[in-house]
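Reviewing the structure listed below.
Rule-based calculations on the coordinates, nothing more; no lab input. Because the structure is a prediction, the values reported are computed rather than measured. Neighbour counts run over all protein chains shown; Cβ positions are idealised from the backbone, glycine included.
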Amino acid sequence: MLEINDVITIADWELTESFVRSSGPGGQNVNKVSTAVELRFEAERSPNLPPDVKARLRRLAGRRWTRDGALIVTAEKHRTQPLNRAEAREKLRDLIVAALHRPKPRRPTRPTKGSVQRRLDGKTRRGRIKAGRGGVREQE
């Protein structure tokens, strides 16, 4: 069981761990021991997450979200399975906490009357400068 906050808890049946060989440092140990963790969270089927949180989680997950609605988190920083398991669970928890945050809606604003007037005055002034750049006329 993975606790996200006071209200949301992820059940064990929603999480699947698999261990694979890790890349990076570790010498021959890397070639022999499967220490990297691939944590699969069945997010789409989860009854513990509201639909709006699932939508934000999907957007935050990006390529880690699979076609069948699962979120895959990997951890291979450490040389031991227990540390990588803890890191993968922490990564998943951080992602869900970020998805719980509802973004503030943007309210469109209009420019002030003064700023519109200043912009138009500047355009007029620039137009007059350019109009004065005409060719030199010959006098008769």
* Which of (i) 2.01; (ii) 0.96; (iii) 1.26 is the computed Cα Rg over 2.2 N^0.38 Å for the structure on display? -> (i)
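Could you give the length gained on full extension between Thr124 and Ala55, defined as 0.36 nm per residue of separation minus the Cα-Cα distance, in nm?
20.0 nm
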* Asked: Contour minus end-to-end for Arg67 and Val20, with contour as 0.36 nm per residue of separation and end-to-end as the Cα-Cα distance?
  -> 14.8 nm
* **Helix axis angle, 51-61 relative to the chain longest principal axis, alpha carbon, degrees** => 80
* **Restricting the range 60-110 to trypsin sites (Lys or Arg not before Pro) in coil, as DSSP defines it, with at most 10 other Cβ within 10 Å** => Arg67, Arg106
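Would you please put 110-123, 46-59, 3-16 in order of how densely packed they are, using the mean number of other Cβ atoms within 10 angstrom per residue and starting with the highest? Write out the running numbers ahead of the final one.
Values: 110-123: 9.8, 46-59: 15.3, 3-16: 12.9.
Top to bottom by mean Cβ count within 10 Å: 46-59, 3-16, 110-123.
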* **Theoretical FRET efficiency, 1/(1+(r/R0)^6), r = Cβ-Cβ of Arg45 and Lys77, R0 22 Å, to 0.05** => 0.15
* Sort out for me the Cα centre separation of the range 93-126 from the range 23-75, rounded to whole Å. => 35
* **FRET efficiency for Ala98 and Asp12, using Cβ-Cβ distance with R0 set to 22 Å, rounded to 0.05** => 0.45
